[in-house]
Amino acid sequence: MKAARNGSRAFALRPLEGRSAAQSSQVPAFFSDIASGADQAGVRVYNERLLLSLVRRLGPLSKIEVARLTGLSVQSTSAIMNRLQADGLLRREAPLRGRVGQPTVPMSLDPDGAYSIGLKIGRRSCDLVLIDFRGGVRRRAQRTFPYPVPEMILEFVRSALPPLEEALDDAQRRRIAGLGVASPFQMWTWESEIGAPAGAMAGWRDFDAERQIAGVCRHPVTLCNDATAACAAEFFFGQGWRHRDFLYFFVGAFIGGGLVLDGALRVGRTGNAGALGSMPVMANGETGAAQQLIACASIYQLERRLERAGIDASSIWATPYAWAEFGPHLDAWIEEVATALAYASVAAISVIDFEAIVIDGAAPAAVRDRLATRTAQIFQGLDRRGLSEVAFVSGSIGADARAIGAAALPLIKNFARDREVLLKDAVSQSN
């Protein structure tokens, strides 16, 4: 598909028809680099995916607006959008009246255009979600556990998948693009941190998750690291696309992350890029040996704090959107995590000049906001000579990011622009 860019016209983004200057200014300046279409034979799929990407990110657009954004002719744009409408991927919205001439008709993604299923395998819980083409969660199932074992995950998929599919009619089920799996890599190495008995998680060492899950599912299966999948959710369905380059922290039971460079999510040679939990940090000015970020910026430390104080910590995993009031224990944990994230951020931007650092996680929105704010404050007080400024922002997806990101994988493979197909160069994880 890369050849489809040859001959594309360069252009500057202009205000869209019918939109205020403020609305138009919300389109990032770099978007002109990634929104160019091409009037060439043989680029039908590229242009279709480009238009779907624009509508997904900018909202309902008329054919004239899309033509102005892409540099395609109005005739070509009209033909492509009509074809996407006929395929059930776009739908017409109410005409915009009140201007000279014929009213313009914006088109938006049809939520029923495609569906996808996501499985998140976590250290404390697993989730299965059915999402529509816009990323809306239509149905979900969850199971919590002290620690995961492969047999438990397979049984969960067998029992929970049929009810999810039954939420759709026959025509809708035919539009299921596949099942994505978001799972930590080398899960067996974290037994002591999870609190599992010695050897209890050894089954993961030889467990081929992609193949085994495909055996209990009739849909194509795609596997991805769980934190990378969360980053994909922020990039594909959230607000991350507004930043050309960003580093993504997902504060889960164990912290992980992902990275987006030049407007595309990078997974690395083995699919393990953005393994931020393994980053060594010297938080709080400690003089001893450096710790991995996972040991000082993960939710399992909050769980241990609460247990030592005699407080039931089960709501952390059962209701990640509505934690109980944990008072000073939560305050102390936020301070510890924010300090570690600030040091990690300085190290990261010393290597790559990120525009933004996104902090998301399996925590309520208010907690994520506090983490982002406090990390930025601590970051400002660190020695950053020679480094550029970076924005700290809260993630927009939250606890569902890994499951939604897993479900996004089949949609990305089937409908995203070529540069957004995040697994095309990755080597399958063999450990």
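Computed from the coordinates by the stated procedures, all read-outs in this text should not be read as laboratory data. All values reported here derive from a predicted model rather than from experimental measurement. Counting neighbours? That spans all protein chains shown, and the Cβs are built from the backbone with ideal geometry, glycine included.
Please state the relative contact order of region 104-222 as a whole percent: Cα pairs under 8 Å, 6+ residues apart? The normalised contact order for region 104-222 reaches 27 percent. Where q = 0.11 Å⁻¹, what log10 of I(q)/I(0) comes from the Debye formula for region 101-253, counting one point per Cα? With one equal scatterer per Cα and no solvent, log10 I(q)/I(0) is -0.49.
Here is the list for region 312-380: chymotrypsin sites (Phe, Trp or Tyr not before Pro) lying in DSSP coil, each with at most 12 other C-beta atoms within 10 angstrom of its C-beta, are Tyr321.
Using the average count of surrounding beta-carbon atoms within 10 Å as a protection proxy, the listed peptides 113-126, 76-89, 174-187 rank, highest first, as 113-126, 174-187, 76-89. Taking region 131-204, how much of its Cα-Cα pair set, in percent, is spaced more than 20 angstrom apart? Cα-Cα pairs of region 131-204 separated by over 20 Å account for 45 percent. Across region 109-165, C-alpha contacts under 8 Å between residues 6 or more apart give a mean separation that, scaled by the residue count, equals a relative contact order of 30 percent.
When Rg and the Kirkwood Rh are both derived from Cα coordinates, the Rg/Rh ratio for region 252-323 amounts to 1.09. Classify region 94-152 from the C-alpha gyration tensor, please: rounded if a/c falls under 1.5, else prolate or oblate depending on whether a/b exceeds b/c. Note, shape of region 94-152 comes out prolate. Please state the shape class of region 284-408: rounded when a/c is under 1.5, otherwise prolate if a/b exceeds b/c and oblate if not, all from the C-alpha gyration tensor. Oblate, because a/c is 1.5 or more while a/b does not exceed b/c.
Magnitude of the charge dipole for region 293-392, about its Cα centre and with charges confined to Cβ atoms of Lys, Arg (+1) and Asp, Glu (-1), is about 140 debye.
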